[in-house]
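Asker: Structure incoming, see below.
The values are calculated or read from the model by the stated rules, or taken from the named source; none is laboratory data. This one's a predicted model, so the numbers in the text were calculated from it and none came from an experiment. Ideal geometry is used to build each Cβ from the backbone, glycine not excepted, and the neighbour counts take in all protein chains shown. Side chains included, ligands, DNA and RNA excluded: accessible areas come from the protein's heavy atoms. Shrake-Rupley method; radii C 1.70, N 1.55, O 1.52, S 1.80 Å.
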Amino acid sequence: LVESGADAVCLGEGEKSFVNILEIIKKKGRLEKCPGIAFKDKAGNIIDGGDEPLLEDISALPFADFSDFKFEDYRKKMIPISIGRGCVNRCVFCSESNRFKKYRTRSALNLYDEILYQKEKYPFIEEFFFNDSLVNGDIEVLGELCELIIKNGLNIKWSGQASVRNEMSRELLKKIKESGCWGLSYGVESGSDNVLKLMRKNFNAELASSVIRETSEAGIDVGFNIIVGFPGE
């Protein structure tokens with residue numbers, strides 16, 4: 001805000017905050033202090049409206065609108081979808097827990113309905129990418145989504161990022177594969193148990209190795225992230 005040409009900055013999630021701005025400008029004809037927004041007044045003072053409460057039911061949000069995108073300009077015909085917001089973990093290096101104070105997920109049916117909606121609207125779409133930090137923040141929702149896709153014979157390809165978890169069983173991985181998943185990328189970060197503890201990871205190297213191996217054996221391409229030079233390494 002010190003040198004920016006922006007009129008205002010959203011401090012958290014934007015859906016409610018943007019409505020706050022519009023309502024205040026409509027009533028007052030100018031920006032005033034409101035939750036979720038910070039701006040600089042004419043005297044140069046930063047006016048901080050504080051936090052807007054987090055959205056609890058993110059399934060109530062409308063589906064993403066890609067009607068302004070020129071898909072013919074993209075080599076890969078892919079649409080991103082968000083399963084939830086935030087993360088179930090609290091790794092020391094990550095911004096998720098600061099930006100999103102708690103993890104919230106959409107319902108499996110709401111996710112399925114959006115996939116169906118986007119596929120019907122854009123039949124040329126080749127793939128869906130879940131652009132969250134993890135697709136398996138809520139194992140039950142992930143399992144239900146896969147079951148809906150399989151039961152209804154929805155022929156799609158999808159991929160996303162995942163967390164190393166005990167719950168990623170062979171049975172679940174088989175279901176994930178059957179639902180059209182071709183690739184998962186895990187946030188492993190390190191092969192050292194000591195470094196994983198320093199990072200506040202909720203798993204050890206043995207579990208990471210097992211999950212990666214079983215994901216590959218299920219026929220899913222596996223990637224993983226590694227952080228080099230973490231303090232304490």
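Asker: Would you say residue 18 is modelled with pLDDT of 85 or more, part of a helix (DSSP H, G or I) and of a type in the set (Phe, Trp, Tyr)? Can you show your working first?
Answerer: Details: modelled with pLDDT of 85 or more: yes; part of a helix (DSSP H, G or I): yes; of a type in the set (Phe, Trp, Tyr): yes.
When the stated conditions are applied, residue 18 passes them.
Asker: Taking the criterion of being touching a residue at least 60 places away in the same chain (Cβ under 8 Å) and of a type outside the set (Phe, Trp, Tyr), would at least one residue in the range 163-176 satisfy it?
Answerer: Yes, that holds for at least one residue.
Asker: Further question: Does residue 160 satisfy the condition of being outside any helix (DSSP H, G or I) and either in contact (Cβ under 8 Å) with a residue 40 or more places away in the chain or crowded, with 21+ Cβ neighbours inside 10 Å (or both)?
Answerer: On the way: outside any helix (DSSP H, G or I): yes; either in contact (Cβ under 8 Å) with a residue 40 or more places away in the chain or crowded, with 21+ Cβ neighbours inside 10 Å (or both): yes.
The answer is yes for residue 160.
Asker: Now a separate question. Residues that are open to solvent by less than 30 Å² (accessible area, probe 1.4 Å), of a type in the set (Val, Ile, Thr) and under 20 Å from the mean Cα position of the chain (by Cα): does the range 195-216 have at least one?
Answerer: Within the range 195-216 (the criterion being open to solvent by less than 30 Å² (accessible area, probe 1.4 Å), of a type in the set (Val, Ile, Thr) and under 20 Å from the mean Cα position of the chain (by Cα)), the answer is no, since none of the residues qualifies.
Asker: Scan the range 68-85 for residues that are assigned to a loop (DSSP other than H, G, I, E, B) and free of Cβ contacts under 8 Å to residues at least 40 places away in the same chain and report the count.
Answerer: 5
Asker: Separate question: I'd like the residue in the range 94-131 that is under 15 Å from the mean Cα position of the chain (by Cα) and of a type in the set (Lys, Arg) and, out of all such residues, is nearest to residue 146 (Cα to Cα).
Answerer: The residue in question is 106.
The rows are residues; the columns are (1) surrounded by fewer than 11 Cβ atoms within 10 Å (Cβ to Cβ); (2) closer than 26 Å to residue 117 by Cα; (3) basic (Lys, Arg).
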position	(1), (2), (3)
9	no, no, no
26	yes, no, yes
39	no, no, no
45	yes, no, no
71	no, yes, no
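Asker: Scan the range 170-194 residue by residue and report those that are under 12 Å from residue 146 (Cβ atoms) and either over 18 Å from the mean Cα position of the chain (by Cα) or open to solvent by 40 Å² or more (accessible area, probe 1.4 Å) (or both).
Answerer: Scanning the range 170-194 gives 171, 172, 173, 174, 175, 177, 178, 179, 180.
Asker: In the range 115-151, what residues are within 17 Å of residue 162 (Cα to Cα), open to solvent by less than 60 Å² (accessible area, probe 1.4 Å) and part of a loop (DSSP other than H, G, I, E, B)?
Answerer: Within the range 115-151, 132, 133, 134, 135, 136, 137, 138 meet the criteria.
Asker: Just checking, does the range 96-114 include any residue being assigned to a helix (DSSP H, G or I), of a type in the set (Asp, Glu) and at pLDDT 90 or above?
Answerer: Checked against the condition, which is being assigned to a helix (DSSP H, G or I), of a type in the set (Asp, Glu) and at pLDDT 90 or above, the range 96-114 yields at least one hit.
Asker: Determine whether the range 213-230 contains at least one residue that is without any contact (Cβ under 8 Å) to a residue 40 or more places away in the chain, among the aliphatic types (A, V, I, L, M) and assigned to a loop (DSSP other than H, G, I, E, B).
Answerer: Yes, the range 213-230 has at least one match.
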